[in-house]
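Scroll down for the structure; my scribbles are underneath it.
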């Protein structure tokens, strides 16, 4: 069960990631995808399903408490472990805290081979400099709409892929592509033995839109949706409409956190019952043939 010894951290004034956090770095070379830049997306054919591999999800940064060993802070980051690979979706806002949480959970940051950034806000991308300062060289996937200065600074230290449309970044791991009429954002989707898991950072384009994009691209039924749903100021009617859409799409479980808001989270809990997963920093889930299996390390 989540820890009750700490309270959730309130939302600060939102801000984009300051470009100065990475220092002044030389301009990078050509994009790995060629002069056009970015991933060659969308892919020409629907990708085949790849089930049978267990997937472990660990929330390593969030403003909601869960594991009492960890300190909550405004932001979000989730480690996805699948097929011997480690993918960090978002990096939280404080790099030192991100590394401290990884250490407390006995997770080695040197094993992270890929970082996927949902959008440019500092509470999701702010921890990246701390990872790069360790000398790590994870491949970074970010929306093409990120500021060129940020892409140049990160690209000087590691390989950067710019994401426009949906694509498969690893076998059974997908990006929805950047979506949104204003702030552009991508979500991560992972094939599991139970069905598709969709992880959202802040869901600025709308959480239903992100989930629908993942389902349409992969052709897989949605099993679990987790992350920030961006419903802090939403009315109950709005939240109930989203829940109805989730249920129409076949979503079985939800694990809302970060910017979802307490009232919206309670409404999801009421609607999904046993399909609701209390989510906060330190939550670990394993997804296998039997569905969600709480990891032994959970408190």
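Every number in this text was worked out from the coordinates using simple rules, so none of it is lab data. Everything quoted here is computed from the prediction, not taken from an experiment. Don't worry about glycine lacking a Cβ; one is built from the backbone with ideal geometry, like all the others, and counts go over all protein chains shown.
Structural remarks
Here is a yes/no grid of residues against (1) assigned to a strand (DSSP E or B); (2) farther than 24 Å from residue 198 by Cα; (3) touching a residue at least 24 places away in the same chain (Cβ under 8 Å):
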{"site": "113", "(1), (2), (3)": "yes, no, yes"}
{"site": "123", "(1), (2), (3)": "no, no, yes"}
{"site": "129", "(1), (2), (3)": "no, yes, yes"}
{"site": "135", "(1), (2), (3)": "no, yes, no"}
{"site": "140", "(1), (2), (3)": "yes, no, yes"}
{"site": "146", "(1), (2), (3)": "no, no, yes"}
{"site": "149", "(1), (2), (3)": "no, yes, yes"}
{"site": "157", "(1), (2), (3)": "no, yes, yes"}
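- The one condition from (1) buried (at least 21 other Cβ atoms within 10 Å of the Cβ); (2) touching a helix residue (DSSP H, G or I) at 6+ places or on another chain (Cβ under 8 Å); (3) in a loop (DSSP other than H, G, I, E, B) that residue 256 does not meet is (3).
- Residue match in region 199-210 (condition: over 13 Å from the mean Cα position of the chain (by Cα) and in a helix (DSSP H, G or I)): yes
- Residue 174 being touching a residue at least 24 places away in the same chain (Cβ under 8 Å) and closer than 19 Å to residue 85 by Cβ: yes
- Checked across region 272-281, the condition of being surrounded by 15 or more Cβ atoms within 10 Å (Cβ to Cβ), in a helix (DSSP H, G or I) and touching a strand residue (DSSP E or B) at 6+ places or on another chain (Cβ under 9 Å) holds for at least one residue.
- Here region 178-198 is the region considered, the condition is being crowded, with 23+ Cβ neighbours inside 10 Å and farther than 13 Å from residue 55 by Cα, and the residue that is farthest from the chain's Cα centre (by Cα) is 178.
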